[in-house]
Amino acid sequence: MKITALAGGIGGARFLRGLREHLQGRGDDWAGAEITVIGNTADDITLFGLRVCPDLDTVMYTLGGGIHEEQGWGRSDETFGVSAELAAYEVPPDWFTLGDRDIATHIVRTQMLRAGWSLTDVTAALCDRWQPGVRLLPMSDDPVETHVVVAGDDASREAVHFQEWWVREQARRPALEFVFLGAAEAKPTAAVLDAIHGADVVLLPPSNPVVSIGAILQVVGVGDALRAATAPIVGVSPIIGGRPVRGMADACLSAIGVETAAAAVAGHYGARIAGGLLDGWLVANQDASTAGPPGVVQRSHPLLMTTRGEAAGLAGAALDLALELRH
């Protein structure tokens, strides 16, 4: 059996680890199912000459056992000698700190990209070390970068890279618009399309619906492939009781005119029978009384993933809903 998931960073990675562990404990046809992850690469950025892919690395480290668990990103047992030296040289940027262990990954990636490897092949080579137990695919081998349009000091509009807005500014300036540079020209790889068309189940973990899963959907052809898929598509709400499970998804949703509510996010994705994406939608228990769009089957379950057991339970509930929709 084949499961395909679209994912961003921390929330997606923890959900996927839970899914992998849930499958290991099953005794039915889904035990040992193949998991393919289509990862967001629009957060990618070049720093100090190195290509950094935050969401791909967070998934790889989390599932491979190398993540900093408390942060949810970066390497465990990290040191910051290189960043300290760069600061001593006053080399910008000083707002995005790379750990020494993490830098090694970026060096390898950058060298391979410069040697002509595709990002898909580079990611596979990096995963050979980490053995995440899933097939991790970038959404495209073509570069896509999310930029955020914000108001400048003189009431003008300016665009900054998503990482600068997210990490440096902590989304303090309200986003007026998100621009996915390169998305209109980018193409999904054959592997991405095959993973969607060949799936028995497609899952949308609780990743940011605007700049994580939303960015993947900006790649021309991905949305059409999902709408044409024979597999049921089940999403997990990133919102609990009107607040993001993690991060600043509310700052992103407000920029596109979507309320920070589970039902509103489901409406944003849309029902597949009406040209959207969703067949099923998993919400927190406290949001069970608010219905999503007509044609989407909704179930409730605790959504917090503070423990690995909770993550496995959540993933199991999403998979059970998908199996219900297959019958």
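Where a number appears in this text, it was derived from the coordinates with a stated rule and is not lab data. Keep in mind that this is a model prediction, so the values were computed, not measured. Reconstructed Cβ throughout: ideal geometry from the backbone, glycine too, with neighbour counts over all protein chains shown.
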Environment charge of Arg157, counting only residues whose C-beta is closer than 12 Å and scoring Lys/Arg +1, Asp/Glu -1: -3
Relative contact order %, the stretch 135-218, counting alpha carbon pairs below 8 Å whose residues are six or more apart: 34 percent
Highest-MSF residue in the chain out of Asn208, Asn40, Asn285 [GNM, Cα springs under 10 Å]: Asn285
Stretch gain in nm, segment Ser254-Gln131, where the contour uses 0.36 nm per residue and the Cα spacing is subtracted: 40.5 nm
Within a Gaussian network of the chain (alpha carbon springs, distance under 10 Å), most fluctuating of Ala251, Ala88, Ala186: Ala88
Folded to 0 to 90 degrees: helix 54-64 orientation relative to the chain principal axis, Cα: 70 degrees
Relative pair counts by distance (%), Cα atoms of the stretch 202-250, 10 Å bins: 25, 48, 24, 3
Average Cα contact separation per residue, the stretch 60-190, under 8 Å, 6 or more apart, as relative contact order %: 21 percent
Distance (nanometres) between label positions extended 7 Å along Cα→Cβ at Val82 and Val297: 4.8 nm
Distance in nm between pseudo-label sites at Leu113 and Glu177 (7 Å out along the Cβ direction from Cα): 2.6 nm
Sum of side-chain charges, Leu204 neighbourhood, beta-carbon under 14 Å (Lys, Arg +1; Asp, Glu -1): +1
Cα gyration tensor shape of the stretch 36-106, rounded if a/c is under 1.5, else prolate or oblate by comparing a/b with b/c: oblate
Among Ile107, Ile239, Ile213: highest mean-square fluctuation, GNM of the chain, C-alpha pairs under 10 Å: Ile107
Degrees separating the helix 308-326 axis from the principal Cα axis of the chain, which is the longest one: 50 degrees
Nearest-0.05 FRET efficiency for Ala124 and Gln71, computed from C-beta distance (R0 30 Å): 0.70
Positive minus negative residues near Arg227 (Lys, Arg vs Asp, Glu; Cβ under 15 Å): -1
Prolate/oblate/rounded call for the stretch 223-267, Cα gyration tensor, a/c under 1.5 rounded: prolate
Rounded tilt (10° steps) of 100-114 against the dominant C-alpha axis of the chain: 90 degrees
Compactness of the chain - radius of gyration and Dmax, Cα, Å: 19.1, 62
Chain lengthening between Val220 and Leu304 when straightened (0.36 nm per residue, less Cα-Cα): 27.0 nm
The chain, relative contact order [Cα under 8 Å, separation at least 6], %: 20 percent
